[in-house]
Amino acid sequence: PDMKNISVVFQSLEPGVNAQYDRQFDHIDVSYKLKNDPDGIRSAVLHEIQHAIQNREGFTHGGTVAYWERRMKEGYDSRKESDIQEARDAEQKLQQFREEDPDLYRDMMELDAMAPNLPRGAMNWDTLEQLEEDPPEWQAYDARRDELEEIYGEKMWDFNSALYDLQRINKRPARTAEELYWDTAGEIEARNVAGRRNLTEEQRKNTPPILGGEDTVFAED
């Protein structure tokens with residue numbers, strides 16, 4: 001009931017910010033740019049009111065782009081959950097190799113470190129004809145790889161597959177701070193409130209709210 005007393009004040013806010021809820025002082029700031037936009041004000045205030053309710057009820061709250069930028073600088077893993085899980089699976093496979101055959105693990109990691117950062121010699125991919133000889137670094141790599149194949153056989157290629165999967169996954173772009181903000185649980189909830197503001201009673205009954213998924217993130221309290 002005390003929500004009826006919450007103050008709503010027009011302020012000059014950062015570009016792109018329509019409104020914000022101040023948890024410390026329990027008030028809502030609305031951007032001056034919305035002053036002549038009644039529905040925009042209603043949408044923004046409803047969104048921030050939900051943040052005020054989250055604060056009162058102990059629900060998971062929203063976040064800001066700056067908050068997620070700070071978390072990422074502190075080492076937060078901003079990848080999507082599916083990418084994190086794929087990386088874990090590949091790491092577990094490599095760890096299994098390490099435990100079951102430490103010699104294989106050592107030799108293959110040394111081979112991976114040998115991979116040159118320069119192109120191979122030119123090749124005609126239609127005929128598979130080698131047009132230019134590979135640089136000496138690649139020749140040394142290939143020779144060592146052939147030696148290891150003689151020693152470890154198919155196990156070498158199984159290891160390579162797991163290592164390639166991990167390297168491929170780790171090259172995928174992580175989420176930006178803006179994307180994390182969009183995926184924050186408290187923001188999803190507040191957007192639902194604002195987004196459903198013009199639904200009729202019947203539409204509310206028949207339209208489920210947008211829920212988070214496996215990539216939803218939670219701002220720390």
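Points worth noting:
- Accessible-area ranking of Thr200, Thr184, largest first, probe 1.4 Å: Thr200, Thr184
- Rg/Rh for the stretch 148-218 (Cα atoms only, Rh after Kirkwood) is 1.39.
- In a reduced charge model with +1 at each Lys and Arg Cβ and -1 at each Asp and Glu Cβ, the chain shows a dipole moment near 1900 debye about its Cα centre.
- Quotient of C-alpha Rg and 2.2 N^0.38 Å, computed over the chain: 1.60
- The stretch 4-33: trypsin sites (Lys or Arg not before Pro) falling in loop per DSSP and having at most 14 other Cβ within 10 Å: Arg23
- Estimated vicinal HN-Hα couplings, Hz - the stretch 52-67 in sequence order (Karplus 6.51, -1.76, 1.60; Gly, Pro = x): 5, 5, 4, 5, 6, 8, x, 6, 4, 9, x, x, 9, 4, 4, 4
- Among Gly40, Gly153, Gly62, the residue with the largest mean-square fluctuation in a Gaussian network model of the chain, with springs joining Cα atoms closer than 10 Å, is Gly153.
- The chain: relative contact order as a whole-number percent, Cα under 8 Å and 6+ apart: 25 percent
- Heavy atoms of the protein chains alone define the surface here; on that basis the stretch 176-221 has 65 Å² accessible area per residue at 1.4 Å probe size.
- Whole-Å distance, taken between Cα centres, linking the stretch 135-204 and the stretch 53-84: 19 Å
- Between Met114 and Glu100, the contour length at 0.36 nm per residue exceeds the alpha carbon distance by 2.7 nm.
- Using a probe of 1.4 Å, the accessible surface attributed to His27 totals some 40 Å² when neighbouring protein chains are kept in position.
- Most to least accessible of Phe59, Phe159, Phe218, Phe10 (protein chains only, probe 1.4 Å): Phe218, Phe59, Phe10, Phe159
- Among Asn18, Asn124, Asn36, the largest mean-square fluctuation in a Gaussian network model of the chain, built with springs joining Cα atoms closer than 10 Å, belongs to Asn124.
- The phi-based Karplus calculation (6.51 cos²θ - 1.76 cosθ + 1.60; θ = phi - 60°) puts the 3J(HN,Hα) values of the stretch 153-160 at x, 5, 4, 5, 6, 5, 5, 4 Hz, whole numbers, x for Gly and Pro.
- Taking the square roots of 5 times each eigenvalue of the Cα gyration tensor of the stretch 69-137, largest first, gives ellipsoid semi-axes of 34, 21, 14 Å.
- Remark: the stretch 39-149 carries 63 Å² of accessible area per residue (probe radius 1.4 Å; ligands, DNA and RNA excluded).
- Summarising the amide proton neighbourhood of Asp183: residues at separation of 5 or more, or on other chains, whose placed amide H is nearer than 5 Å comprise an empty set.
- J(HN,Hα) series, the stretch 17-23, from Karplus relation 6.51 cos²θ - 1.76 cosθ + 1.60, nearest Hz, glycine and proline x: 9, 7, 6, 7, 9, 9, 5
- Convex hull of the stretch 32-158 built on C-alpha atoms - directionally averaged projected area, nm²: 16.8 nm²
- Shape class of the stretch 11-75 from the Cα gyration tensor (axes a ≥ b ≥ c, square roots of the eigenvalues): oblate, since a/c reaches 1.5 or more and a/b does not exceed b/c.
- Expressed as a whole percent, the accessible surface of the stretch 1-160 that belongs to carbon and sulfur atoms is 49, based on a 1.4 Å probe.
- Working from label points 7 Å from Cα in the Cα-to-Cβ sense, the Phe218 to Glu133 distance is 6.2 nm.
The values are calculated or read from the model by the stated rules, or taken from the named source; none is laboratory data. A quick note: this is a predicted structure, and the numbers were derived from the prediction, not measured. Cβ: placed from backbone, ideal geometry, glycine included. Neighbour counts: every protein chain shown. Side chains included, ligands, DNA and RNA excluded: accessible areas come from the protein's heavy atoms. Shrake-Rupley method; radii C 1.70, N 1.55, O 1.52, S 1.80 Å.
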